[in-house]
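The values are calculated or read from the model by the stated rules, or taken from the named source; none is laboratory data. Keep in mind it's a predicted model, so treat the numbers as computed, not measured. Counting neighbours? That spans all protein chains shown, and the Cβs are built from the backbone with ideal geometry, glycine included.
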Amino acid sequence: MSQHPAIELVGIDKSFGAVHANKNINLKVEKGTIHGIIGENGAGKSTLMSIIYGFYQADRGEIRIDGKPLDIRDSQTAIAAGIGMVHQHFMLVENFTVLENVMLGAEGGQLLAKGVSGARKELKRLETDYGLDVDPDALIEDLPVGKQQRVEILKALYRSADILILDEPTGVLTPAEADHLFKVLKVLRDQGKTVILITHKLREIMAITDEVSVMRRGEMVATRKTAETTVEELAELMVGRRVLLRVEKGAAKPGKVLLSVKNLTVKDARGVTMVDNVSFDVREGEIVGIAGVAGNGQSELLEAIAGIRKPASGEILLDGQPIANADPARLRALGLAHIPEDRHHMGLVLKFEEYENSVLGYHRDPRYGRGALLDLKAIQADAVEKIEKYDIRPPNPRLKTANFSGGNQQKIVVAREIERDPKALIIGQPTRGVDIGAIEFIHRRIVEMRDAGKALLLVSVELDEIRSLSDRILVMFAGKVVGEKTPDAGEQTLGLMMAGIAA
Amino acid sequence: MSTASVPLPNWITYGLMPLLNLLVAFFISGLVVWWIGEDPLAALKLLIEGSLGRGDAIGFTLFYATSFIFTGLSVAVAFHAGLFNIGSEGQAYLGGLGAALVALALDRYVPWYVTMPFAVIGAALFGAAWAFIPAWLQAKRGSHVVITTIMFNFIGAALMVYLLVNVLIVPGKMAPETRTFLPGGQLPKLDWLMAWFGLKLGPAPFNVSFLIALVMAFLVWVLIWRTKLGYEMRTLGISPSAAIYAGIPYGRTVIIAMLISGGLAGMMALNPVMGASARLQVEFVGGAGFVGIAVSLMGRSHPLGIVLAALLFGILYQGGADLSFEMPNITREMIVVIQGLVILFAGALEYMFRPAMVHLYQRLKRA
Ligand SMILES: Nc1ncnc2c1ncn2[C@@H]1O[C@H](COP(=O)(O)OP(=O)(O)OP(=O)(O)O)[C@@H](O)[C@H]1O
Ligand SMILES: [Mg+2]
């Protein structure tokens, strides 16, 4: 067996108009290893992977698979060359079953029936070989994200991928799901497959990769053996300066109650109770964190407070005013801002230009135009200000939002909601997909908001984030608040409560 | 698929590709013409001459184009809010009633330029009113606007025939139509505009509504891209979930968008009713509402694109009529086939050449 690298990139270059996303990239990924790729938001990681997967084509440069140059003009070529990719945002047909999704595009022949039984067998084999069990007949829309991701991996394996690319796979996973994913990746590696893993979580890099490469502003600036580097070194390589990996904050000085939730019950569209008789207060000048495994009612709770979902019963008070039936526009006027959990679904209109999104929800404000007209100049000036303050890249308010990298899209939303200077802010997953430098910045802004006397409610699946930001932690399980803890409570204790075991 | 996200310069997306689509449509139409035993080049020459060759030909082309601009704008406004208004046909029909009532009421007392603003309002009001019930049903009951607007086309047609036959008809006359409006209820022809270009309008009914249509195109552009309402409509059209998040009221936005859409369709009636025949007749809309769907599709829901697409369809209408007159083998139905091909290639298959274009463009850029 010759020892060519599984993938070798030589002088890859790619521009989108004025944005130089990849500059003369050289990279070797050895066979049978897990190779991490890290870098700031917009560094060009997803672009580089999309080039390997044939989604984009490089302007210059060469891709060698197993030592042989390959002209990857589309995804089919990449798949044929044994490359599989799990995208940051899944590409599954929601109302198809697992089996149908896995077969899609690889049905094997004109008659479905023959392919189906074969595929079912092969799927079973893959599931047991790699510990990736999912029910082949479940509908995708009924599966939690962790399982959906397994389906994506199974899809790649079903197409006999030898090289698996995962773009920020853990962003949406619970810690337990992430652990399981890493076990699977190790099994894959031990069977001789090659894995490329993009992530912003340096802990994951340290835990699972063999080598790690760092990108910065389109360039590949370093490659290290994971065993020979540290989190601090990687952070510095990424950002170009020392990064504070902890949140610095003083003691909270809570004032009067600003946001009050009383006996709130929320049901989903099918009438299932998602939030069950929940009560709590958030005071001025404090951050209340809600910890919980995803799907235990936190999302519905946020949406109910934000006026997006009508509660079935109960009361919500903002500064003493009942708001349980107010719509989002009125809530904004009353001084309640909302960073939604899912930026693509709610927080942004991806087809809009950046500046249009920078006022979403606040577009009726006289500041952005008197009467019926929009004052585009004022909106753009405002957008530029936020772009500078939050270091959104590229700094172009006229760029289509979909063309910003994931982390920069998140910054657009965060900037919009925080810079409104609201009285109360409810926050869902504020740093999902955001790089460490930006996390540091966003966390600092959140603490500054607290110190300025705002009331903040934070939901995050990152227990670390909850623990380092919150002044009080409420744990949710099965729609109920099962307990309240201080942030110095151990991870273990919180973990057990989140699993519904101890109170 | 794999090329869908690769950006192309605007001149390719909005210039070269539509042109290419159009050429292919004409090429295939040429094959059809050749297949039925006529000379495609001669047919093309007739089509062009028949629509652009003489002053009166141009006048007719622009007359048709005027109607299509109104209905194209109507479809586009609803489309930006995520609504597919198939009812422009019926809304235009009812708009005719509004325009005619104003003309009948005022033509004896005032000159046309006094009647005109009232007629515009009347046409728009009646068109909007006809869009209101489908809009309300969509907003409050979730009844799909595609279904309800189609139904309202039929109801509108029946209502108009009833009114013309039983109410508005001139007593003692056979034809189901109103009396002829006096000059105070007519929109004058634009011979002076044609004269600027040294052309004679002749009998063509090209009239002031054309200018109203251009003003409306501009106003629609302002509405969609420069107003808060337009911003809300676009948000709703692109991402209903983001609209909820942003506190944009669904029902209100849907209803307003549909009323504007219906109003624009209603104004289309000014052109044939007050600009051409000077009376209200049955079936004066003649399918212009449906052509508006194609025009809006082809014009990418942008007012400028809509004006250009309306001109193209004006050419096909007028040139096609001339063509089937000169070449009896090419029937009215053949012309409809050709129009269908243009819609197919320029509208529905708009992205057909995109992958090839992307590869070509990337190769050129790399070289
Ligand atoms: N289709 C596109 N058109 C224009 N610019 C683009 C396009 N895709 C990406 N870019 C730009 O290229 C740069 C690199 O983006 P990329 O998505 O590769 O970043 P990333 O490293 O994956 O960041 P993140 O960690 O935020 O996901 C960004 O500045 C982005 O705005
Ligand atoms: Mg990315």
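Of A:TYR355, A:TYR368, A:TYR362, all but one fail to be of a type in the set (Phe, Trp, Tyr) and either without any contact (Cβ under 8 Å) to a residue 40 or more places away in the chain or away from chain B (no Cβ under 14 Å) (or both); the exception is A:TYR368. Every test in (1) at negative phi; (2) modelled with pLDDT of 95 or more; (3) not acidic (Asp, Glu) is passed by B:GLY82 save one, and that test is (1). Contact map, the range A:329-347: first residue among the β-branched types (Val, Ile, Thr), second residue assigned to a loop (DSSP other than H, G, I, E, B) and surrounded by 24 or more Cβ atoms within 10 Å (Cβ to Cβ), Cβ cut-off under 9 Å, separation 6 or more or different chains; pairs are A:ILE339/A:GLN429; A:ILE339/A:PRO430.
Of the numbered criteria (1) of a type in the set (Gly, Ala, Ser); (2) away from chain B (no Cβ under 14 Å); (3) surrounded by 23 or more Cβ atoms within 10 Å (Cβ to Cβ), the one A:GLY453 fails is (3). The residue pairs whose first member lies in the range A:464-487 and is part of a helix (DSSP H, G or I), whose second member is not hydrophobic (A, V, I, L, M, F, W, C), and whose beta carbons are closer than 6 Å, counting only pairs six or more residues apart or on different chains, are A:ILE466/A:GLY289; A:ILE466/A:SER460; A:ARG467/A:PRO487.
Filter the range A:40-53 down to the residues that are in contact with a strand residue (DSSP E or B) (Cβ under 7 Å, 6 or more places away or on another chain) and near ligand 2 (Cβ under 9 Å from one of its atoms) and list them by number. Result: A:ALA43, A:GLY44, A:LYS45, A:SER46, A:THR47, A:MET49. Selection of the range A:84-97 for residues being assigned to a strand (DSSP E or B) and either away from chain B (no Cβ under 14 Å) or of a type in the set (S, T, N, Q) (or both) yields A:GLY84, A:VAL86, A:THR97.
Evaluate the following for B:LEU229: is it within 14 Å of chain A (Cβ to nearest Cβ) and within 19 Å of the chain's Cα centre (by Cα)? Outline the logic, then answer.
Details: within 14 Å of chain A (Cβ to nearest Cβ): yes; within 19 Å of the chain's Cα centre (by Cα): no.
Taking the combined requirement at face value, the residue does not satisfy it.
For A:THR170, state whether it is within 13 Å of A:THR226 (Cβ to Cβ), within 14 Å of ligand 1 (Cβ to nearest atom) and more than 14 Å from chain B (Cβ to nearest Cβ). Don't jump to the end; show me each part of the working.
Working: within 13 Å of A:THR226 (Cβ to Cβ): no; within 14 Å of ligand 1 (Cβ to nearest atom): yes; more than 14 Å from chain B (Cβ to nearest Cβ): yes.
So A:THR170 does not fit the description; no.
Here A:LEU425 passes the criteria (1) of a type outside the set (Val, Ile, Thr); (2) in a strand (DSSP E or B); (3) within 16 Å of ligand 2 (Cβ to nearest atom) except the one numbered (3).
With the requirement that a residue be under 17 Å from B:PHE284 (Cα atoms) and surrounded by 17 or more Cβ atoms within 10 Å (Cβ to Cβ), what does the range B:131-156 give you? I'd like the intermediate steps shown before the answer.
Taking the range B:131-156 as the starting set, the residues that turn out to be under 17 Å from B:PHE284 (Cα atoms) are B:152-156.
The answer is B:PHE152, B:ASN153, B:GLY156.
Only a single item in (1) crowded, with 23+ Cβ neighbours inside 10 Å; (2) within 14 Å of another protein chain (Cβ to nearest Cβ) is not met by A:LYS400, and it is number (1). Summed over the range A:58-83, the residues that are within 10 Å of chain B (Cβ to nearest Cβ) and touching a residue at least 24 places away in the same chain (Cβ under 8 Å) give a count of 4. When every residue of the range A:159-167 is checked against the conditions, at least one turns out to be surrounded by fewer than 23 Cβ atoms within 10 Å (Cβ to Cβ), modelled with pLDDT of 85 or more and within 16 Å of ligand 1 (Cβ to nearest atom).
Residue by residue through the range A:192-228, note down the ones that are touching a helix residue (DSSP H, G or I) at 6+ places or on another chain (Cβ under 8 Å), away from ligand 1 (no atom under 16 Å from the Cβ) and of a type outside the set (A, V, I, L, M, F, W, C). Steps first, please.
Taking the range A:192-228 first, the residues touching a helix residue (DSSP H, G or I) at 6+ places or on another chain (Cβ under 8 Å) are A:195-200, A:202-212, A:214-216, A:221-222, A:224, A:226.
From what's left, away from ligand 1 (no atom under 16 Å from the Cβ): A:195, A:203, A:206-211, A:224, A:226.
Within the range A:192-228, A:ARG203, A:THR209, A:ASP210, A:GLU211, A:ARG224, A:THR226 qualify.
Which helices (runs of 4 or more DSSP H) sit wholly inside the range B:1-113 and have at least 3 residues that are within 16 Å of ligand 1 (Cβ to nearest atom)?
Numbers: elements: B:17-35, B:40-48, B:55-80, B:88-106.
Fully inside the range B:1-113 and qualifying: nothing.
Look at (1) under 24 Å from A:LEU197 (Cα atoms); (2) modelled with pLDDT of 90 or more; (3) assigned to a helix (DSSP H, G or I) and you find that A:THR128 fails only one, number (2).
How many residues, within the range A:349-374, are outside any helix (DSSP H, G or I) and touching a Pro at 6+ places or on another chain (Cβ under 9 Å)? Please lay out each step first, then the result.
Taking the range A:349-374 and keeping what is outside any helix (DSSP H, G or I), we get A:349-353, A:358-365, A:369-374.
Those left that are additionally touching a Pro at 6+ places or on another chain (Cβ under 9 Å): A:353, A:358, A:361.
Final tally of qualifying residues: 3.
Just one of the numbered conditions (1) basic (Lys, Arg); (2) under 23 Å from A:ASN277 (Cα atoms); (3) within 16 Å of ligand 1 (Cβ to nearest atom) is not true of A:ARG432; which one? The failed condition is (2). Within the range A:408-427, residues that are of a type in the set (Lys, Arg) reach partners that are within 16 Å of ligand 2 (Cβ to nearest atom) with beta carbons closer than 8 Å, at six or more positions or on different chains, in the pairs A:LYS411/A:ASN41; A:LYS411/A:ILE392; A:LYS411/A:VAL434; A:LYS411/A:ALA438.
Go through the range A:407-421 and report how many residues are within 14 Å of chain B (Cβ to nearest Cβ) and either within 12 Å of ligand 2 (Cβ to nearest atom) or in contact with a strand residue (DSSP E or B) (Cβ under 9 Å, 6 or more places away or on another chain) (or both).
Of all residues in the range A:407-421, those within 14 Å of chain B (Cβ to nearest Cβ) come to A:409, A:412-413, A:416-417, A:420.
Remaining after also requiring either within 12 Å of ligand 2 (Cβ to nearest atom) or in contact with a strand residue (DSSP E or B) (Cβ under 9 Å, 6 or more places away or on another chain) (or both): A:409, A:413, A:416-417, A:420.
Total meeting the criteria: 5.
Could you identify the single residue in A:VAL145, A:VAL102, A:VAL86, A:VAL172 that is in contact (Cβ under 8 Å) with a residue 60 or more places away in the chain and in contact with a Leu (Cβ under 6 Å, 6 or more places away or on another chain)? Break it down stepwise before answering.
Details: A:VAL145 fails: in contact with a Leu (Cβ under 6 Å, 6 or more places away or on another chain); A:VAL102 fails: in contact (Cβ under 8 Å) with a residue 60 or more places away in the chain; A:VAL172 fails: in contact with a Leu (Cβ under 6 Å, 6 or more places away or on another chain).
When all the criteria are applied, what remains is A:VAL86.
Here is a list of conditions, (1) touching a strand residue (DSSP E or B) at 6+ places or on another chain (Cβ under 6 Å); (2) more than 26 Å from A:ASN95 (Cβ to Cβ), and A:ALA178 meets all of them except one; can you say which number that is? With (1) touching a strand residue (DSSP E or B) at 6+ places or on another chain (Cβ under 6 Å); (2) more than 26 Å from A:ASN95 (Cβ to Cβ) applied to A:ALA178, the lone miss is (1). When A:LEU234 is tested against (1) part of a helix (DSSP H, G or I); (2) among the aliphatic types (A, V, I, L, M); (3) within 16 Å of ligand 2 (Cβ to nearest atom), only condition (3) is not met.
Of the residues B:THR3, B:THR13, B:THR66, only one is modelled with pLDDT of 90 or more and not basic (Lys, Arg); which?
Values: B:THR3 fails: modelled with pLDDT of 90 or more; B:THR13 fails: modelled with pLDDT of 90 or more.
Residue meeting the stated conditions: B:THR66.
More than 26 Å from the chain's Cα centre (by Cα), surrounded by 15 or more Cβ atoms within 10 Å (Cβ to Cβ) and farther than 30 Å from A:ALA21 by Cβ - does that describe any residue in the range A:289-307? No, the range A:289-307 contains no residue that is more than 26 Å from the chain's Cα centre (by Cα), surrounded by 15 or more Cβ atoms within 10 Å (Cβ to Cβ) and farther than 30 Å from A:ALA21 by Cβ.
Summed over the range A:261-291, residues that are small (Gly, Ala, Ser) and under 24 Å from A:ALA489 (Cβ atoms) total 4. Considering only the range A:1-23, I want to know if a residue exists there that is over 27 Å from the mean Cα position of the chain (by Cα), more than 16 Å from ligand 1 (Cβ to nearest atom), within 30 Å of A:PRO395 (Cβ to Cβ) and assigned to a strand (DSSP E or B). Looking through the range A:1-23, at least one residue is over 27 Å from the mean Cα position of the chain (by Cα), more than 16 Å from ligand 1 (Cβ to nearest atom), within 30 Å of A:PRO395 (Cβ to Cβ) and assigned to a strand (DSSP E or B). Selection of first residues in the range B:345-367 that are within 13 Å of chain A (Cβ to nearest Cβ) and of second residues that are among the aliphatic types (A, V, I, L, M), restricted to Cβ pairs under 7 Å at least 6 apart or on distinct chains, gives the following pairs, ordered by first then second residue: B:VAL358/B:VAL6; B:VAL358/B:LEU8; B:TYR361/B:LEU8; B:TYR361/B:ILE12. Among the residues of the range A:313-348, just one is under 25 Å from the mean Cα position of the chain (by Cα), of a type in the set (D, E, K, R) and more than 10 Å from chain B (Cβ to nearest Cβ), namely A:GLU341.
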